[in-house]
């Protein structure tokens, strides 16, 4: 059904809109990796999720040597705040220390997609203070899932970030 | 890139029908639990969602996060979304809301950052840096950025979406349904008038 107020476009209007689309995409295209990041992030088995939004992503430390740098990332949603710190280990690997509040013994899953290989998942249990560690992980696209506690509820999911 | 008006009109028509049908299939299968079918919808809709996030003045990293968050939010709302039009409208609305949220947070953190973001958005991101091969595109964008913010946002979205669903999408902009057609007409007429008055631009 065509809306009454929807005046028809003539050839020039259509051409202007098409040129506008082409020109804007040429000037400000989405980043090449955006589709991959989104596809990775939404390839989940459970859709009963709560999204923890990226609040802050900072690099601290002297920076003189790679091993002295720490990256701290904070995610936040109504039910939970998640913080992680990522440090470089030898041989290009990483250590990820995290905690969430309010604390609970919940299963924490790290999904990781390294270039050219299928995504892998690691599971750890957080302690009663909500702390968890992933040691010796590779680089790539990463996403954290804090699974629901015994009493049910949604799994808290972060967007994907590049490690 | 070049095009001829007649071809553009015809291909836009064909593309829009194909796209609506493809999105309808993706959506149906995703609602049945086959989430990987959303991959195609991601490819189809990301350029639009990107423009929506950037139109709110966000830098590239924040705009990427906002688009991603909107898709993640979609997952638990999938079963309430019945048509490709509704899918597009829902994602545009959510992307825009998330972008506001991020912008408000940046504003609270640092006024000067937001100021520079806003002036960049007004100038049109990357306009100076990128070498546009077609002078006509450059002329068009220059006039486009002289339009009001409302006109830029509406025309930017209309240019990206299928004709049948842009009234739905314009509703996502929070405009009264009845004012969308006239506003689109007014904004497009203004742009067209400026272009036709510019000797550097020739109608295709």
Across region B:76-128, the tally of residues that are over 30 Å from residue B:29 (Cβ atoms), at pLDDT 85 or above and surrounded by fewer than 16 Cβ atoms within 10 Å (Cβ to Cβ) stands at 3
Can you say whether residue B:73 is surrounded by fewer than 22 Cβ atoms within 10 Å (Cβ to Cβ), touching a strand residue (DSSP E or B) at 6+ places or on another chain (Cβ under 8 Å) and within 12 Å of chain A (Cβ to nearest Cβ), as far as the supplied structure shows?
yes
For region B:53-74, what are the residues that are under 26 Å from residue B:35 (Cβ atoms), in contact (Cβ under 8 Å) with a residue 40 or more places away in the chain and over 13 Å from the mean Cα position of the chain (by Cα)?
B:62
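Matching residues to (1) surrounded by fewer than 20 Cβ atoms within 10 Å (Cβ to Cβ); (2) facing another protein chain (nearest Cβ under 10 Å); (3) at pLDDT 85 or above; (4) part of a helix (DSSP H, G or I):
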{"residue": "B:154", "(1), (2), (3), (4)": "no, no, yes, yes"}
{"residue": "B:170", "(1), (2), (3), (4)": "no, no, no, yes"}
{"residue": "B:175", "(1), (2), (3), (4)": "yes, no, no, no"}
{"residue": "B:185", "(1), (2), (3), (4)": "yes, yes, yes, yes"}
Going through (1) in a helix (DSSP H, G or I); (2) at pLDDT below 90; (3) more than 25 Å from residue A:18 (Cβ to Cβ); (4) within 11 Å of chain A (Cβ to nearest Cβ) one by one, residue B:15 fails only at (3)
Lone qualifier among A:140, A:152 - being within 29 Å of residue B:77 (Cβ to Cβ) and at pLDDT below 90
A:152
Going by the structure shown, is residue A:97 in contact with a strand residue (DSSP E or B) (Cβ under 9 Å, 6 or more places away or on another chain), surrounded by fewer than 21 Cβ atoms within 10 Å (Cβ to Cβ) and not in a strand (DSSP E or B)?
no
Out of all the residues in region A:18-33, is one or more part of a helix (DSSP H, G or I), modelled with pLDDT of 90 or more and farther than 29 Å from residue B:140 by Cα?
no
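The values are calculated or read from the model by the stated rules, or taken from the named source; none is laboratory data. Because the structure is predicted, anything quoted here is derived from the model rather than measured. Cβ: placed from backbone, ideal geometry, glycine included. Neighbour counts: every protein chain shown.
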